[in-house]
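These notes concern the structure reproduced below.
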Amino acid sequence: MQASPLRETGLSIGIGLSILAIFVFDIIVAPDDVSIAFMYTIPIFASIIAPHRSIYGFAMLTTALSLAGLVTMPPDAGISLYVNRTIAILMQWIAAALVTSRRNTEQLLHQNLHAEQLKTERQRRFLDIASHEIGTSLTTIDGQAFRLARRRAVIAPAEMSERSGKIRGAVRHIQALIRHIQLVAEVEDEAFRLQHTDVSLAAVIDNCVAHVKETYPQAAITVDTAALPATLKLDSFMICQIIENIVSNAAKYSPPGASISIAGSTDGDHAILIVTDKGRGIPADDLENVFAVYYRAQNSHDVHGTGVGLYVAERFTTAHGGTIAIDSQLGVGTKLTLRLPLMEIPL
């Protein structure tokens with residue numbers, strides 16, 4: 001647990017006062033009592049409880065006061081007194097090095113623990129999504145296959161076509177889930193390399209909108225890309241993934257017929273794409289995590305999804321040297337802003 005700034009300040013003041021108290025004793029006691037100089041190591045070791053303060057700062061202070069304590073030495077002091085005080089100063093710096101090493105080890109352990117916690121949370125999210133999505137599809141396949149077998153003698157061709165279509169749809173859903181998982185693995189392994197070509201962003205948007213409307217035919221999507229440049233240097237595969245994931249998300253989480261607008265423009269040396277919907281919106285607590293892999297907002301579990309789309313979109317956008325930002329209000333809608341550089345970013 002991290003100490004509060006006020007508590008840390010109090011600890012630092014306490015350690016500083018203890019060092020000054022030792023200095024007072026140092027100039028009061030007999031000069032041949034070198035144990036006082038070794039006592040400076042005690043507050044240095046104690047400084048481990050103030051994790052954000054400089055250990056070496058305390059060591060510099062104790063060294064300065066140890067040297068100042070030499071003024072109490074009589075002129076005829078033996079060489080052994082100076083040697084012992086030198087050893088005491090060396091011990092102060094050894095103590096500072098040991099405490100610093102301890103701090104660094106603790107920090108590394110905390111970082112590793114945090115990384116493991118994130119990994120565990122990610123695995124949990126993946127298992128939740130996979131079990132739900134695959135389980136739902138398998139339930140559909142099992143149910144339709146059971147009805148086909150049960151009514152095989154009297155089933156009409158139209159019913160056969162309908163039920164087989166549901167089975168094939170469930171299979172395609174599982175196949176899409178597998179493709180998403182494979183895509184995440186390839187993104188994380190950095191298997192993709194930017195292949196810049198002249199790409200018409202407007203044409204990509206039109207194609208993606210047409211594809212999204214096949215899945216969500218009631219989506220009311222309007223497109224205005226007249227202000228976009230004719231072409232940009234982009235990776236065609238990546239930009240298709242970015243646009244389709246963004247637009248399909250807008251359609252997926254919007255009610256049928258709700259307005260979805262796509263507006264393109266330029267701003268200085270960037271092309272801007274703003275996708276606005278009037279869907280369910282994203283809870284404020286979820287906004288900071290929407291680009292995490294396999295993460296789904298609290299209000300999205302009634303809709304099929306893998307929590308992969310925005311993660312891939314963000315990673316591919318970053319690879320282009322661009323940015324992607326989300327502004328959303330629960331129950332009102334979501335605005336996503338994509339910024340892509342007009343010039344090719346050197347690899």
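Taken together, the values in this text are just the output of simple stated rules run on the coordinates, not laboratory data. Predicted model, so just to flag it, every value in this text is computed and none were measured. Heads up, the Cβs are rebuilt from the backbone with ideal geometry, glycines too, and the neighbour counts pull from every protein chain shown.
With +1 on each Lys and Arg Cβ and -1 on each Asp and Glu Cβ, how big is the dipole of the chain about its Cα centre, in debye rounded to the nearest 20?
Working: 28 positive and 33 negative charges, 283 e Å.
Roughly 1360 debye, rounded to the nearest 20.
Between H304 and M91, how high is the FRET efficiency from 1/(1 + (r/R0)^6) when r is the Cβ-Cβ distance and R₀ = 51 Å? Nearest 0.05. All intermediate terms of the calculation are to be shown ahead of the outcome.
Numbers: r = 66 Å, r/R0 = 1.29.
Efficiency, rounded to the nearest 0.05: 0.20.
Tell me the relative contact order for segment 122-188 as a rounded percent, counting alpha carbon contacts under 8 Å between residues six or more apart. It would help to have the intermediate numbers written out before the result.
Details: 25 pairs, mean separation 27.8, N = 67.
So the answer I get is 41 percent.
Could you give each residue of segment 95-106 its phi-based ³J(HN,Hα) in whole Hz, using Karplus coefficients 6.51, -1.76, 1.60 with θ = phi - 60°, and x for Gly or Pro?
Values, residue by residue: 4, 4, 5, 5, 5, 4, 4, 4, 4, 4, 5, 5 Hz.
How much length, in nm to one decimal, is gained on full extension between R122 and T337, taken as 0.36 nm per residue of separation minus their Cα-Cα distance? Before the final figure, lay out the partial values.
Working: separation 215, 0.36 × 215 = 77.40 nm, distance 2.59 nm.
Difference between extended and current length: 74.8 nm.
Please figure out what share of the DSSP beta bridges in the chain is antiparallel and state it in percent, rounded to the nearest 5.
On the way: 27 of 32 bridges.
Here the share of antiparallel DSSP bridges comes out near 85 percent.
Cut-off 13 Å, label point 7 angstrom out along Cα-to-Cβ of K233: give me the residues of segment 330-344 whose amide nitrogen falls inside.
Residues 341-344 fall inside that zone.
Which of the listed residues, G135, L148, I167, is farthest toward the dipole's positive end in segment 122-188, when Lys, Arg count +1 and Asp, Glu count -1 at the beta-carbon?
The residue sitting farthest along the positive end of the dipole is L148.
With a point put 7 Å past each Cα toward its Cβ, work out how far L108 is from F146 in nm, to one decimal.
5.6 nm
Relative to the present Cα-Cα distance, how much length would full extension add between V154 and E188 at 0.36 nm per residue of separation? Walk me through the intermediate numbers first.
Values: separation 34, 0.36 × 34 = 12.24 nm, distance 5.12 nm.
Between V154 and E188, full extension yields 7.1 nm more.
Listed here are the pairs K119/K233; K119/K335; K166/K233; which of them are more than 31 Å apart at the Cα? Before the final figure, lay out the partial values.
Numbers: K119/K233 35 Å; K119/K335 29 Å; K166/K233 41 Å.
Result: K119/K233; K166/K233 exceed 31 Å.
Please give the peptides 323-330, 109-116 ranked by average Cβ packing (other Cβ atoms within 10 Å per residue), highest first, as a rough proxy for protection. Present the calculation step by step, with values, prior to reporting the outcome.
Values: 323-330: 15.8, 109-116: 10.1.
Packing proxy ranking, top to bottom: 323-330, 109-116.
In the chain, once you exclude exposed trypsin sites (Lys or Arg not before Pro) (DSSP loop, at most 10 other Cβ within 10 angstrom), what's the longest stretch remaining? Before the final figure, lay out each step's value.
Values: sites that count: R152, R193.
So the longest stretch without any such site is 194-347.
In deg cm²/dmol and to the nearest 500, what is the mean residue ellipticity at 222 nm of the chain if only DSSP H runs of at least 4 residues count, each as -39500 (n - 2.57), divided by the residue total? All intermediate terms of the calculation are to be shown ahead of the outcome.
Details: 9 runs with 196 residues, N = 347.
Here the helix-only value at 222 nm equals -19500 deg cm²/dmol.
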